[in-house]
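Data block below; observations after.
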Amino acid sequence: MQSPIGNYFDKYQTCHPLERWAVRRFLDAILAALDDPGEGRVLDVGCGEGVVTGMIRQAFPRANVMGLDHGHALLALVRPELARVGLVAGSAYELPFPDDAFDLVVATETLEHLEDPAAALREIARVGRGRVLLTVPLEPHWRVLNCLRGRYLKDRGNTPGHLQHWSRRDFGRFLATRLELDRLRVVFPWILAAGRVRQR
């Protein structure tokens, strides 16, 4: 799996008030789109520093929450409050779980980093038996906003490590190959999609 590079902590550690408002709105939208899995199993694919993973664990304390990322080095950086979350190092292309293992699969800010997002989506659909929630940056708006902030100008605003670029329509078409979507909305400057795994 392509290792995301660049700015893991950028958006979550920003001091800019407008950026902090946008991130808080984004995280609130993620929680609002999730149904309580009860005592079910939840997987956060590409959990990074564990911000979303910890938020899900706090919101749904009865759930069995697991986070997966590509390397032990990154997982070692997660916050102490994730002690009750299972952390696994692995590839989004070969999730180390059996079919239908999870009631909810989440992948936020992950697919845009992958060379083969279709392979990762196939794996997400394989291990999921119910709800799925996915987010990616809204393009080309994401790059335009970076340029307006004076960021990554030599790359025309492309955040380091972003290999895929989707509009809302294109992302919906991509996900529809594996998922039955009931929510596809812009939480500017992100796209949020929620639905269910298509029955095999």
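The values are calculated or read from the model by the stated rules, or taken from the named source; none is laboratory data. A quick note: this is a predicted structure, and the numbers were derived from the prediction, not measured. Methodologically, a virtual Cβ is constructed for each residue, glycine included, from the backbone with ideal geometry; neighbour enumeration extends over all protein chains shown. All accessible areas refer to the heavy atoms of the entire protein, side chains included, with ligands and DNA or RNA removed. Shrake-Rupley method; radii C 1.70, N 1.55, O 1.52, S 1.80 Å.
Condition check ((1) in contact with a Leu (Cβ under 8 Å, 6 or more places away or on another chain); (2) at pLDDT below 95; (3) hydroxyl-bearing (S, T, Y)) across all residues:
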site	(1), (2), (3)
H70	no, yes, no
L77	no, yes, no
E81	no, yes, no
V88	yes, yes, no
F97	yes, no, no
A107	yes, no, no
L114	yes, no, no
P117	yes, no, no
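Pull up the stretch 14-46, narrow it to residues that are of a type in the set (A, V, I, L, M, F, W, C) and without any contact (Cβ under 8 Å) to a residue 12 or more places away in the chain, then point me to the one that is least open to solvent (accessible area, probe 1.4 Å).
Let us first name the residues in the stretch 14-46 that are of a type in the set (A, V, I, L, M, F, W, C), namely 15, 18, 21-23, 26-27, 29-34, 42-43, 45.
Applying the additional criterion that residues be without any contact (Cβ under 8 Å) to a residue 12 or more places away in the chain yields 15, 18, 21, 32.
Numbers: C15: 119, L18: 110, W21: 147, A32: 76 Å².
Restricting to residues being of a type in the set (A, V, I, L, M, F, W, C) and without any contact (Cβ under 8 Å) to a residue 12 or more places away in the chain, the top hit is A32.
Would you call G157 in contact with a His (Cβ under 7 Å, 6 or more places away or on another chain), surrounded by 13 or more Cβ atoms within 10 Å (Cβ to Cβ) and in a loop (DSSP other than H, G, I, E, B)? Can you show your working first?
Working: in contact with a His (Cβ under 7 Å, 6 or more places away or on another chain): no; surrounded by 13 or more Cβ atoms within 10 Å (Cβ to Cβ): yes; in a loop (DSSP other than H, G, I, E, B): yes.
No; evaluated as a whole, the condition is false for this residue.
If A193 passes every condition in (1) of a type in the set (G, A, S); (2) in a strand (DSSP E or B); (3) under 19 Å from E19 (Cα atoms) but one, which one does it miss?
(3)
The conditions are (1) closer than 27 Å to W21 by Cα; (2) surrounded by fewer than 22 Cβ atoms within 10 Å (Cβ to Cβ), and T177 fails exactly one of them. Which is it?
(1)
Within the stretch 102-111, is even one residue assigned to a helix (DSSP H, G or I) and crowded, with 21+ Cβ neighbours inside 10 Å? Reasoning before the result, please.
If we filter the stretch 102-111 for residues that are assigned to a helix (DSSP H, G or I), which is where we start, we get 111.
Restricting the remaining residues to those that are crowded, with 21+ Cβ neighbours inside 10 Å gives 111.
The answer is yes, given that some residue of the stretch 102-111 is assigned to a helix (DSSP H, G or I) and crowded, with 21+ Cβ neighbours inside 10 Å.
What number goes with the only condition from (1) open to solvent by less than 10 Å² (accessible area, probe 1.4 Å); (2) over 16 Å from A194 (Cα atoms); (3) modelled with pLDDT of 95 or more that W142 does not pass?
Just one mismatch for W142, condition (1).
Going by what's in this entry, would D69 be described as within 22 Å of V42 (Cβ to Cβ), touching a helix residue (DSSP H, G or I) at 6+ places or on another chain (Cβ under 6 Å) and loosely packed, with under 15 Cβ neighbours inside 10 Å?
Working: within 22 Å of V42 (Cβ to Cβ): yes; touching a helix residue (DSSP H, G or I) at 6+ places or on another chain (Cβ under 6 Å): yes; loosely packed, with under 15 Cβ neighbours inside 10 Å: no.
Considered against the rule, which asks whether it is within 22 Å of V42 (Cβ to Cβ), touching a helix residue (DSSP H, G or I) at 6+ places or on another chain (Cβ under 6 Å) and loosely packed, with under 15 Cβ neighbours inside 10 Å, D69 comes out as no.
Here are the criteria: (1) open to solvent by 10 Å² or more (accessible area, probe 1.4 Å); (2) in contact with a strand residue (DSSP E or B) (Cβ under 7 Å, 6 or more places away or on another chain). Tell me which single one A193 does not satisfy.
Unmet condition: (1).
Can you pull out the residues in the stretch 160-174 that are surrounded by fewer than 15 Cβ atoms within 10 Å (Cβ to Cβ), under 27 Å from V197 (Cβ atoms) and of a type outside the set (G, A, S)?
Matches in the stretch 160-174: L163, R169, D170, R173.
What is the number of the single condition among (1) farther than 18 Å from P137 by Cβ; (2) in contact with a Phe, Trp or Tyr (Cβ under 6 Å, 6 or more places away or on another chain) that G67 does not meet?
(2)
Within the stretch 145-154, take every residue that is loosely packed, with under 14 Cβ neighbours inside 10 Å and of a type outside the set (A, V, I, L, M) and give me the one that is modelled with the lowest pLDDT. Please lay out each step first, then the result.
Just the residues of the stretch 145-154 that are loosely packed, with under 14 Cβ neighbours inside 10 Å, to begin with: 148-150, 153-154.
Then drop every residue that is not of a type outside the set (A, V, I, L, M), which leaves 149-150, 154.
On the way: R149: 88, G150: 92, K154: 96.
Going through the qualifying residues, I end up with R149.
Among the residues of the stretch 146-200, how many are out of contact with any helix residue (DSSP H, G or I) (no Cβ under 7 Å at 6 or more places or on another chain) and more than 16 Å from L134 (Cα to Cα)?
Selection size over the stretch 146-200: 10.
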